[in-house]
1. Restricting attention to the range 28-41, does a residue exist that is modelled with pLDDT of 95 or more, surrounded by fewer than 18 Cβ atoms within 10 Å (Cβ to Cβ) and within 22 Å of His201 (Cα to Cα)?
2. Filtering the range 42-66 down to residues that are among the polar types (S, T, N, Q) and more than 13 Å from Thr199 (Cβ to Cβ), which residue is surrounded by the fewest Cβ atoms within 10 Å (Cβ to Cβ)?
3. Report every pair of residues separated by at least 6 positions or lying on different chains whose Cβ atoms are under 8 Å apart, first residue within the range 200-229 and more than 17 Å from Phe44 (Cα to Cα), second modelled with pLDDT of 95 or more and polar (S, T, N, Q).
4. Residues in the range 124-175 that are under 20 Å from His201 (Cα atoms) and either small (Gly, Ala, Ser) or without any contact (Cβ under 8 Å) to a residue 12 or more places away in the chain (or both): how many?
5. Is it the case that Asn67 is of a type outside the set (A, V, I, L, M) and either in contact with a Lys or Arg (Cβ under 7 Å, 6 or more places away or on another chain) or part of a loop (DSSP other than H, G, I, E, B) (or both)?
6. Is it true that Ala69 is buried (at least 21 other Cβ atoms within 10 Å of the Cβ), hydrophobic (A, V, I, L, M, F, W, C) and assigned by TED's automatic domain parsing to the domain that holds Ala235?
Amino acid sequence: MLQVEQLRKAFEGFQAIADARLSVPKGEVVAVIGPNGAGKSTLFNLITGHLQADSGHIRFQNEEITNLAPYKICHKGMARSFQLINIFPSLTVLENVQTSVLAKHRLDQNFFRPSKKLLIEETLEVLESFGLFEYKDRSCSSLSYGDQKVLEIAIALGSKPELLLLDEPTAGMSSEETRKIVNLIKRLSQEKGLTILLTEHDMELVFDVAQKIMVLQQGKTIAQGLPEDIRNDKAVQNAYLGETGLC
């Protein structure tokens, strides 16, 4: 579904992404891991069009999308969450998800129809599937941190993407909140067949949910394969010396 080849990106002489290569098969959960500063978030920003690549190729469903605008990539069927929660704090939970559903149907710029009445049933179905229905009329700023992260993923899923990118989805969470996100990722993959690409520091989570793992070090892909192959890879073990280590 997603193919990244020889991707490079520099910032004022600093090579943040030097030679990134990545393959994401349809229907699988793929994790990108690496030591702090390896370039994981930069890679995600390049894939989703939030940064412009210096060279290389990004192909989504066999179509070149390198350096396309984020909204064009979104309309092609890709959605993402961010390290920092990216929601509309002044809107209700329902309104947050509704904005995504409206955008999917290209109704977010129709000024001649009352938006509050549009696609309510579809929006409520999304909230129900994420366990957020009871909060639908609450301001999202009143939700717990964990529920705000779930809401952000629900907003991303409101556009019905083919590929979902999750940038450190459990950062700052308690163990209970982390387990909730793990179960959600598994459900989205197993029940809905969604293709998921995530980056995460929690190695226990990575080896629990991912079918394939790519390892990034200093902007370069040093390994990609099955979890057991990655766990036993000497180059990967050396990359993690001084870090928390692989589980």
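1. Yes, the range 28-41 contains a residue that is modelled with pLDDT of 95 or more, surrounded by fewer than 18 Cβ atoms within 10 Å (Cβ to Cβ) and within 22 Å of His201 (Cα to Cα).
2. To start, the set of residues in the range 42-66 that are among the polar types (S, T, N, Q) comprises 42, 45, 48, 52, 55, 61-62, 66.
Retained after the next criterion (residues that are more than 13 Å from Thr199 (Cβ to Cβ)): 52, 55, 61-62, 66.
Numbers: Gln52: 11, Ser55: 12, Gln61: 14, Asn62: 7, Thr66: 18.
Applying the filter and picking the extreme gives Asn62.
3. Listed pairs, sorted by first residue: Leu226/Gln211; Pro227/Gln211.
4. 5
5. Numbers: of a type outside the set (A, V, I, L, M): yes; either in contact with a Lys or Arg (Cβ under 7 Å, 6 or more places away or on another chain) or part of a loop (DSSP other than H, G, I, E, B) (or both): yes.
Yes: the conditions hold for Asn67.
6. Numbers: buried (at least 21 other Cβ atoms within 10 Å of the Cβ): no; hydrophobic (A, V, I, L, M, F, W, C): yes; assigned by TED's automatic domain parsing to the domain that holds Ala235: yes.
No; evaluated as a whole, the condition is false for this residue.
The values are calculated or read from the model by the stated rules, or taken from the named source; none is laboratory data. From a predicted model like this one, the values you see are computed outputs, not experimental measurements. Virtual Cβ from ideal backbone geometry, glycine too; neighbours counted across all protein chains shown.
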